[in-house]
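What follows is one structure encoded as structure tokens, with my remarks underneath.
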């Protein structure tokens, strides 16, 4: 039975989708809605805090994005293809962990704030707050200035493509979909090179083409 993935067409679910694709793993995707997430059935059987993604592998169910992607890498890396998302070398693996932490602490929260205000607020019938958007855009600009230095002389965050790069893809794609393309700014050639390298990978192209707004 193929792996099952429950989630949205974007955001954290796409982090898992790209990981599955990069590892060469077939899977069935089931799109859900905000309304379904809040049902007693979903809370009881999938995620107690009404979140996605949720992954089911041969009867084993797991939720929380980072737990899912690490599980997939530990179980399947090297089984279907030669893609390495977490190196076996301890120091290189530690750097992947470092940049996953950096992304989760200083990158994803800002982009999530922007995307929520640009997309999700309207879905809930609320009005966008231009001050929140303005503040988020300023924070993104500052963060990418730091990334420009971190990416000096590198094609990817740790040198080679890894799970740390995948972490950054979904919300970057959503921010670009909202019309905010900081990632092709000539004043940040290292960031532009990094994003070009990521976005041109076949798996990222495939999943990026399927991106959509979560359903209420």
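Condition check: within 21 Å of residue 169 (Cβ to Cβ), touching a strand residue (DSSP E or B) at 6+ places or on another chain (Cβ under 6 Å) and free of Cβ contacts under 8 Å to residues at least 40 places away in the same chain. Does residue 110 satisfy that? It is false that residue 110 is within 21 Å of residue 169 (Cβ to Cβ), touching a strand residue (DSSP E or B) at 6+ places or on another chain (Cβ under 6 Å) and free of Cβ contacts under 8 Å to residues at least 40 places away in the same chain. The requirement of being farther than 14 Å from residue 206 by Cα, within 13 Å of the chain's Cα centre (by Cα) and in a loop (DSSP other than H, G, I, E, B) is fulfilled somewhere in the stretch 3-15, by at least one residue.
In the stretch 38-54, the count of residues that are within 21 Å of residue 119 (Cβ to Cβ), in contact with a strand residue (DSSP E or B) (Cβ under 8 Å, 6 or more places away or on another chain), touching a residue at least 60 places away in the same chain (Cβ under 8 Å) and surrounded by 12 or more Cβ atoms within 10 Å (Cβ to Cβ) is zero.
Can you find a residue that is surrounded by 15 or more Cβ atoms within 10 Å (Cβ to Cβ), closer than 20 Å to residue 157 by Cα and over 17 Å from the mean Cα position of the chain (by Cα) anywhere in the stretch 95-117? Yes, that holds for at least one residue.
Please indicate, with yes or no, whether at least one residue in the stretch 67-75 is assigned to a helix (DSSP H, G or I) and more than 16 Å from residue 167 (Cα to Cα). The answer is yes; a qualifying residue exists. In the stretch 27-48, what residues are in contact with a helix residue (DSSP H, G or I) (Cβ under 8 Å, 6 or more places away or on another chain) and not in a helix (DSSP H, G or I)? Across the stretch 27-48, the qualifying residues are 27, 29, 32, 47.
The set of residues in the stretch 25-34 being more than 16 Å from residue 58 (Cβ to Cβ) and surrounded by 15 or more Cβ atoms within 10 Å (Cβ to Cβ) consists of 29, 31, 32, 34.
Confirm whether residue 207 is under 29 Å from residue 51 (Cα atoms), in the same structural domain as residue 103 (by TED's automatic domain parsing), under 17 Å from the mean Cα position of the chain (by Cα) and part of a helix (DSSP H, G or I). Steps first, answer last, please.
Details: under 29 Å from residue 51 (Cα atoms): yes; in the same structural domain as residue 103 (by TED's automatic domain parsing): no; under 17 Å from the mean Cα position of the chain (by Cα): yes; part of a helix (DSSP H, G or I): yes.
Here the answer is no, as residue 207 does not meet what is asked.
Within the stretch 146-169, being farther than 28 Å from residue 20 by Cα and surrounded by 15 or more Cβ atoms within 10 Å (Cβ to Cβ) holds for one residue alone: 148. Could you tell me whether residue 20 is assigned to a helix (DSSP H, G or I), touching a residue at least 12 places away in the same chain (Cβ under 8 Å), in contact with a helix residue (DSSP H, G or I) (Cβ under 9 Å, 6 or more places away or on another chain) and not assigned by TED's automatic domain parsing to the domain that holds residue 156? Answer is yes for this residue.
The values are calculated or read from the model by the stated rules, or taken from the named source; none is laboratory data. Fair warning: this is a prediction, and the values are worked out from it, not measured in the lab. Methodologically, a virtual Cβ is constructed for each residue, glycine included, from the backbone with ideal geometry; neighbour enumeration extends over all protein chains shown.
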